[in-house]
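Following: one structure in structure tokens, then a few remarks.
The values are calculated or read from the model by the stated rules, or taken from the named source; none is laboratory data. All of these numbers come straight from a predicted model, not from anything done at the bench. Positions of Cβ are backbone-derived with ideal geometry, glycine not excepted, and every protein chain shown enters the neighbour counts. Accessible surface is based on the protein model in full, side chains and every heavy atom, while ligands, DNA and RNA are left aside. Shrake-Rupley method; radii C 1.70, N 1.55, O 1.52, S 1.80 Å.
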Amino acid sequence: MDKMRPAPLATTMFFGAGVPQHDRRTDGWLAMITAARRRMHTPGAAIPGKLANLRPLETSHAAFRRWAMTMLAHMSGTHGGRHDAQRAREIYQTSTMGALIDGVYDGDVTIGELLRHGDFGLGTFNHLDGEMVILGGSCYHLRADGSARVADDGDLTPFATVTWFRPDITIPVRASMDRATLTALIDEALSSENLVYAIRVNGTFDEVRTRTVMEQRPPYPPLTEAAKGQRECNFHSVAGTLAGFRTPDYEQGIAVAGYHMHFIDHDRRQGGHALDYRLETGTIEVSSRSELHLSLPRTSQFLASNLASESLAQQIRQAEG
């Protein structure tokens with residue numbers, strides 16, 4: 001059985017109404033899950049039914065994690081954090097966009113830890129090795145060649161944002177529209193520009209243009225320099241999902257102000273950071289968020305980083321496109 005990785009040492013900041021408390025029943029559920037995992041590695045042992053149907057490209061370990069998260073979700077008699085009064089509106093983020101801009105590409109949060117805080121989100125991987133998108137509790141690693149695979153639980157991230165996705169607004173799209181028209185349609189449906197919104201767009205796209213950053217080696221360049229070596233891919237007549245967030249202007253530097261979206265195709269085999277797109281038909285889903293759980297790393301690189309650059313907003317626009 002894999003060794004348990006200790007929780008990362010971090011400075012944690014909470015913005016919002018409160019912090020979820022530990023449920024003592026968790027220990028009993030963890031004991032049951034641990035026993036189930038042992039059975040997975042025992043020849044001839046029975047495996048829980050849902051684990052028998054592995055998704056394409058998904059390892060048995062990843063499938064176990066999805067099943068374990070579902071079991072933990074039911075410990076309060078509901079379907080997890082998405083029905084918890086506080087966690088349902090919480091966004092969990094590790095590090096800041098300002099740190100990433102400054103070249104802080106090594107984090108101490110594992111994908112396994114990240115997925116304890118949400119089933120939907122985006123980010124990147126240590127060494128700036130590609131893009132991340134999380135859908136349905138599975139984390140996908142989007143590589144510089146445009147390919148995608150399920151990330152390992154032990155992979156590390158220097159920056160990521162996740163939440164439990166439950167749509168508040170659903171908008172059907174029956175006519176082709178470009179990026180500007182689609183985001184304007186979303187803006188019109190929002191109750192306020194001062195909240196954070198998780199955005200999911202499922203459908204068929206006439207075209208999607210993506211870029212994916214390439215893995216970096218120390219000493220790390222700032223993101224504006226690293227992005228110059230990014231690779232772009234164009235996908236045509238493709239079914240897939242755009243996933244990301246719309247963040248208020250006042251959060252620039254903590255996150256990416258405005259729309260920050262990643263794309264992955266329906267088969268979960270290719271994708272990247274969405275630069276431009278045209279949606280043919282599909283569905284837009286929007287989920288508002290009013291709680292921010294910001295976990296700051298205590299790595300030496302982060303502690304020595306310059307997070308107060310006067311040109312930060314300009315650098316983010318240059319790097320993110």
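Some observations on this one:
- Paramagnetic label zone (point 7 Å from Cα along Cα-to-C-beta, ASN234; backbone N under 14 Å) in the range 177-215: 206-211
- Rg over Rh, two decimals, the range 238-320 (C-alpha only, Kirkwood Rh): 1.03
- Close amide H contacts of ARG268 (hydrogens built in the peptide plane, cut-off under 5 Å, sequence separation of 5 or more or a different chain): none are found.
- Cα shape, the range 176-253, gyration tensor, a/c 1.5 rule: oblate
- 3J(HN,Hα) couplings calculated from phi for the range 194-202 with the Karplus curve 6.51 cos²θ - 1.76 cosθ + 1.60 (θ = phi - 60°) are, in sequence order, 9, 9, 9, 10, 7, 10, 10, 10, 9 Hz; Gly and Pro show x.
- Note that the range 99-162 shows a convex hull volume over its alpha carbon atoms of 73 Å³ per residue.
- Each residue of the range 210-223 was assigned a 3J(HN,Hα) from its phi angle through the Karplus curve 6.51 cos²θ - 1.76 cosθ + 1.60 (θ = phi - 60°); the sequence is 10, 9, 9, 6, 9, 4, 10, 10, x, x, 6, x, x, 4 Hz, with glycine and proline shown as x.
- For ALA151, distant residues with modelled amide H under 5 Å away: CYS139, TYR140, HIS141
- For the range 144-281, the extents of the C-alpha atoms along the principal axes are 46, 36, 29 Å, listed from largest to smallest.
- Calculated FRET value between ARG149 and GLU310, using beta carbons and R₀ = 41 Å, to 0.05: 0.55
- Measuring with a 1.4 angstrom probe and ignoring ligands and nucleic acids, ILE254 comes out at about 60 Å² accessible.
- A cut-off of 5 Å between modelled amide H atoms, ignoring neighbours fewer than 5 places along the same chain, links ALA255 with MET97.
- Local charge for PHE302 was computed over the other residues whose Cβ lies under 11 Å away, with Lys and Arg +1 and Asp and Glu -1, and equals -2.
- At R0 = 22 Å, FRET efficiency that the Cβ-Cβ distance of MET214 and ARG317 yields, to 0.05: 0.60
- When each of the peptides 212-225, 125-138, 287-300 is scored by how many other beta carbons lie within 10 Å of its residues on average, the order from highest to lowest is 125-138, 287-300, 212-225.
- Prolate/oblate/rounded label for the range 179-224 (Cα gyration tensor, a/c 1.5): oblate
- Working note: Debye formula, equal point scatterers on the alpha-carbon atoms of the range 236-284, no solvent; log10 I(q)/I(0) at q = 0.16, 0.30 Å⁻¹ is -0.52, -1.17.
- Note that the range 137-150 has calculated 3J(HN,Hα) couplings of x, 10, 9, 10, 9, 9, 8, 5, 8, x, 7, 9, 8, 6 Hz, one per residue in order, obtained from phi through the Karplus relation 6.51 cos²θ - 1.76 cosθ + 1.60 (θ = phi - 60°); glycine and proline are x.
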